[in-house]
Amino acid sequence: MRDELEILLYGDAGLRRKSEPVDTFDDPLRELADAMTRAMIRENGIGLAAPQVGVARRMLVAQPGGSHGIKVYTLVNPEFTFLSRERDSFHEGCLSLPDILADVDRPVRLTVRYQDLDGNEQELEDDGLLARIIQHEADHLEGILFVDHISMLRRKLLAKKLRALSKLARGN
Ligand code: NI
């Protein structure tokens, strides 16, 4: 059994690595998904990707809440098969960048193919918060953070906060 997972902070090299596909669907994978779900809920997050807990594997959890209830979605090896040309902007945050929020522009609708924890192929479509979370978390699997999507000007305004976080990450 895994203990409580720690979430890597901005500045940690683990957040910039490209994650490897999951090819073994076993108990350790399920335990990791459970531990990630607990960490997400503990931190009041609505999504978490494996690299954020130091595991460079292509898996994410999402808990959009609201009308979706408290269902937790676990997506292994997600691949987008459709991203709408229609985009919108939404205020995003990230458990790896506490206290930082920024408007990020992304496609509104998507279809994503993925595997469940038993390795079965699944597909889901969404045009709401879940679609937003999945895109944010899938970025983590490529080593991309939401602040990479914002304008230089906006990033300059956040520079001080980002530097402070990097210092914290290095201190760990
Ligand atoms: Ni994030």
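The values are calculated or read from the model by the stated rules, or taken from the named source; none is laboratory data. Please read these numbers as outputs of a predicted model, since none were measured by experiment. A quick note on method: Cβ atoms are made from the backbone with ideal geometry, for glycine too, and the neighbour counts reach across all protein chains shown. All accessible areas refer to the heavy atoms of the entire protein, side chains included, with ligands and DNA or RNA removed. Shrake-Rupley method; radii C 1.70, N 1.55, O 1.52, S 1.80 Å.
Using a probe radius of 1.4 angstrom, the carbon and sulfur fraction of the accessible surface of the chain is 49%. Taking trypsin sites (Lys or Arg not before Pro) in DSSP loop conformation with at most 12 other Cβ atoms inside 10 Å as exposed sites, the chain has its longest uninterrupted site-free stretch at 86-172. Between E125 and A13, the modelled label-to-label distance comes to 4.4 nm, taking each label 7 Å out from Cα in the direction of the beta carbon.
Convex hull volume of the C-alpha atoms in the stretch 13-170, normalised per residue: 113 Å³. Near K160, which aspartates and glutamates are there with a Cα under 20 Å away, not counting those fewer than 8 places off in the same chain? Straight-distance partners of K160: D12, E92, D99, D103, D148. Using heavy atoms of the protein chains and a probe of 1.4 Å, the accessible area assigned to I7 is about 30 Å².
Note on the stretch 1-156: antiparallel DSSP beta bridges, both residues inside, total approximately 95 percent of the bridges counted. Span-like helix check, the chain: qualifying full DSSP H segments, with Cα axial length of 27 Å or more and mean Kyte-Doolittle of -0.5 or more, are 152-171.
Looking at the stretch 69-155, the GluC sites (Glu not before Pro) that sit in a DSSP loop and have at most 11 other Cβ atoms within 10 Å of their own Cβ are E86. Relative contact order, whole percent, for the chain stands at 26, derived from Cα pairs under 8 Å and 6 or more residues apart. Straight-distance candidates among the lysines for linking to K156, with alpha-carbon spacing under 24 Å and chain neighbours fewer than 8 residues away dropped: K167.
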